[in-house]
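Engineer: One structure is given below, represented as C-alpha cells, and several questions about it will come after.
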Amino acid sequence: MKKVRQKLTLDRLATYQITVPGELDESWSDWAGGMTITVESEGDDPPVTTLTGNLDQAALQGLLRRLYSLGLALISVICVGCGSEDG
C-alpha cells in the first residue's frame with residue numbers, strides 16, 4: 001500500500017511541537033490554543049516545556065508571537081504531522 005503524504009498549506013491544520021526554555025504548567029493550555037503542555041527536567045538542567053497540538057499557519061504565527069511577548073526563546077518548532085483536516 002502506497003503512503004500518501006499530505007502537503008502543508010496555509011489553511012490546513014498540522015501538528016506542531018514547540019519547545020521553549022522554562023516551565024509552563026497545564027493552566028497555560030487555553031492561552032496556548034489548547035495545546036498539550038509537557039515539562040521535562042533532567043538532573044540539574046533547567047526545565048524545558050514542549051507544547052504539542054494542531055494549528056493552522058495563522059494560529060502558529062499568533063502563538064509564536066505570544067511566546068515572544070513573554071520573552072521565551074524558541075528551542076525548536078517542528079511540524080510532526082501535516083494535512084490533518086479534522087484536527
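Engineer: Looking at region 35-44 only, could you name the residues that are assigned to a strand (DSSP E or B) and within 12 Å of the chain's Cα centre (by Cα)?
Structural biologist: Within region 35-44, Thr36, Ile37, Thr38 meet the criteria.
Engineer: Would you tally the residues in region 45-71 being part of a loop (DSSP other than H, G, I, E, B) and open to solvent by 40 Å² or more (accessible area, probe 1.4 Å)?
Structural biologist: So the answer is 5.
Engineer: For Tyr16, only one of the following conditions fails: (1) aromatic (Phe, Trp, Tyr); (2) modelled with pLDDT of 90 or more; (3) open to solvent by 30 Å² or more (accessible area, probe 1.4 Å). What is its number?
Structural biologist: (3)
Engineer: Of (1) within 22 Å of Lys7 (Cα to Cα); (2) of a type in the set (A, V, I, L, M, F, W, C); (3) under 11 Å from the mean Cα position of the chain (by Cα), Val20 satisfies all except one. Which?
Structural biologist: Result: Val20 passes all but (1).
Engineer: Here is a follow-up. Across region 37-53, which residue is nearest to Thr15 (Cα to Cα) among those that are modelled with pLDDT of 95 or more and of a type in the set (S, T, N, Q)?
Structural biologist: Here the residue is Thr52.
Engineer: For region 9-34, give me each residue that is assigned to a loop (DSSP other than H, G, I, E, B), over 14 Å from Leu72 (Cβ atoms) and of a type outside the set (Asp, Glu).
Structural biologist: Thr9, Leu10, Arg12, Ser29, Gly33, Gly34 - these are the residues of region 9-34 that are assigned to a loop (DSSP other than H, G, I, E, B), over 14 Å from Leu72 (Cβ atoms) and of a type outside the set (Asp, Glu).
Engineer: Can you list residue pairs whose Cβ atoms sit under 9 Å apart, with the first residue in region 15-28 being without any contact (Cβ under 8 Å) to a residue 40 or more places away in the chain and within 17 Å of Gly62 (Cβ to Cβ) and the second being open to solvent by less than 70 Å² (accessible area, probe 1.4 Å) and among the polar types (S, T, N, Q)? Count only pairs 6 or more apart in sequence or on different chains.
Structural biologist: From region 15-28, the pairs are Leu24/Thr49; Trp28/Thr49.
Engineer: Among (1) on the phi > 0 side of the Ramachandran plot; (2) small (Gly, Ala, Ser); (3) open to solvent by 40 Å² or more (accessible area, probe 1.4 Å), there is one condition Gly22 misses while meeting the rest; what is its number?
Structural biologist: (3)
The values are calculated or read from the model by the stated rules, or taken from the named source; none is laboratory data. From a predicted model like this one, the values you see are computed outputs, not experimental measurements. Here the Cβ is made from the backbone with ideal geometry for all residues, glycine too, and neighbour counts use every protein chain on show. For accessibility, only protein heavy atoms count, side chains too; no ligands or nucleic acids. Shrake-Rupley method; radii C 1.70, N 1.55, O 1.52, S 1.80 Å.
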